[in-house]
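J.: Structure incoming, see below.
The values are calculated or read from the model by the stated rules, or taken from the named source; none is laboratory data. Computed from a predicted model, the values in this text were never measured in an experiment. Using ideal geometry, Cβ is built from the backbone for each residue, glycine included, and neighbour counts are taken over all protein chains shown. With ligands, DNA and RNA removed, areas are computed over all heavy atoms of the protein, side chains included. Shrake-Rupley method; radii C 1.70, N 1.55, O 1.52, S 1.80 Å.
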Amino acid sequence: MATKKHCLLIVDDEPNVCDSVHDLLRREYRVLKAHSAQEGYRLMQEEEVHIVMSDQRMPQITGVELLTRLKSRYPQAVRMLFTGFADLESVIAAINQGHVFQFIRKPWQPEELLDAVRLAADEYDRLETAAAEREKLLDEVESLKGRVSCLESMVDRLSDRSPSPGA
């Protein structure tokens, strides 16, 4: 059985950047393209996206602002930010506000970008596995709570039936 491809959303107002990322990654990933933050947000609502790559400098909204909004609504998506203008404030904001997994500088080398996206896909899988394990543990805790409650009721009933000392 073939493994399901991770879905990558690339958000950049430059169509040629979206096209080049698509062409580079399409064999390994399902690549969606958005030419604006608004279009990217719409695609996030319509598709199951595992990795979001956004340009920092776009009209109307920065990549950090977009990724911060997406984090609150889609926390499971791994977020990546890229820009040709790597100023320290952007990097700090990306990490602190958008909880960005990785910051990539334009222009990138194809192998460098491919490696970064593979790491992001691995991180997505790790987070999904951890979430599933957490759910399983919470279910087990709830089951144990029910069993403890049942045992407490049995102990209460048994203590009500036993003769009191000195009787």
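J.: Under a crude label model (7 Å from the Cα following the beta-carbon direction), how far is L114 from K145 in nanometres?
T.: Distance between label points: 4.9 nm.
J.: A further question on this structure: Can you tell which of A121, A37, A130 shows the greatest fluctuation in a Gaussian network model of the chain with Cα springs below 10 Å?
T.: The residue with the greatest mean-square fluctuation here is A130.
J.: Separate question: For the chain, what is the relative contact order in percent, using Cα pairs closer than 8 Å and at least 6 residues apart in sequence?
T.: It rounds to 17 percent for the chain.
J.: What net charge is computed for the residues neighbouring H35, neighbours being all others with C-beta under 12 Å from the C-beta of H35, Lys and Arg scored +1, Asp and Glu -1?
T.: Counting the neighbours of H35, the net charge comes to -4.
J.: Taking square-rooted eigenvalues a ≥ b ≥ c of the alpha carbon gyration tensor, is the chain rounded, prolate or oblate, where a/c under 1.5 means rounded and, failing that, a/b exceeding b/c means prolate?
T.: It is prolate, given that a/c is not under 1.5 and a/b is the larger ratio.
J.: If the label point is 7 Å along Cα→Cβ of K106, which residues in the stretch 60-77 have backbone nitrogen under 12 Å from it?
T.: Under 12 Å, as judged by backbone N against the label point of K106, lie 63 of the stretch 60-77.
J.: Where Lys and Arg each count +1 and Asp and Glu each count -1, what net charge lies around C150 among other residues with Cβ under 15 Å from its Cβ?
T.: Once all neighbours under 15 Å are counted, the net charge is 0.
J.: What FRET efficiency, computed as 1/(1 + (r/R0)^6) with R0 = 35 Å and r the Cβ-Cβ distance, is obtained for D122 and Q60, rounded to the nearest 0.05?
T.: 0.60
J.: Of the residues R30, R118, R42, which exhibits the maximal mean-square fluctuation in a Gaussian network model of the chain defined by a 10 Å Cα contact cut-off?
T.: Taking springs between Cα atoms under 10 Å, the residue moving most is R42.
J.: While we're looking at this one, here's another question. Using a 1.4 Å probe on the protein heavy atoms only, what accessible surface does K4 show? Give it in Å² to the nearest 10.
T.: Solvent-accessible area, nearest 10 Å²: 150 Å².
J.: Using helices alone, what [θ] at 222 nm do you get for the chain, with -39,500 (n - 2.57) per DSSP H run of 4 or more residues, divided over all residues and rounded to the nearest 500?
T.: After summing the helix terms and dividing by the residues of the chain, the value is -19000 deg cm²/dmol.
J.: Ok, one more. Using only the heavy atoms of the protein chains and a 1.4 Å probe, how would F103, F82 rank by accessible area, largest first?
T.: Of F103, F82, the descending order of accessible area is F103, F82.
J.: Report in % the part of the accessible area of the chain that belongs to carbon and sulfur, leaving out ligands and nucleic acids; probe 1.4 Å.
T.: 54
J.: Ok, one more. In this model, which of K5/K106; K4/K33; K71/K145; K4/K106 are farther than 23 Å apart at the alpha-carbon?
T.: Over 23 Å Cα-Cα: K5/K106; K71/K145; K4/K106.
J.: Rolling a 1.4 Å sphere over the protein heavy atoms, what is the accessible area per residue of the chain, to the nearest Å²?
T.: With all protein chains present, the chain gives 63 Å² per residue.
J.: For the chain, with the dipole built from +1 on Lys and Arg beta-carbon atoms and -1 on Asp and Glu ones, taken about the Cα centre, which of L8, A131, I61 lies farthest toward the positive end?
T.: A131
J.: Oh, and also: In terms of modelled amide H atoms, which long-range or inter-chain residues lie less than 5 Å from the amide H of H6?
T.: Counting only residues 5 or more places away or on other chains, the set is R30.
J.: At 0.36 nm per residue, minus the direct Cα-Cα distance, what do H22 and M154 gain on full extension? Give it in nm, one decimal, please.
T.: That pair, H22 and M154, stretches by 41.2 nm at full extension.
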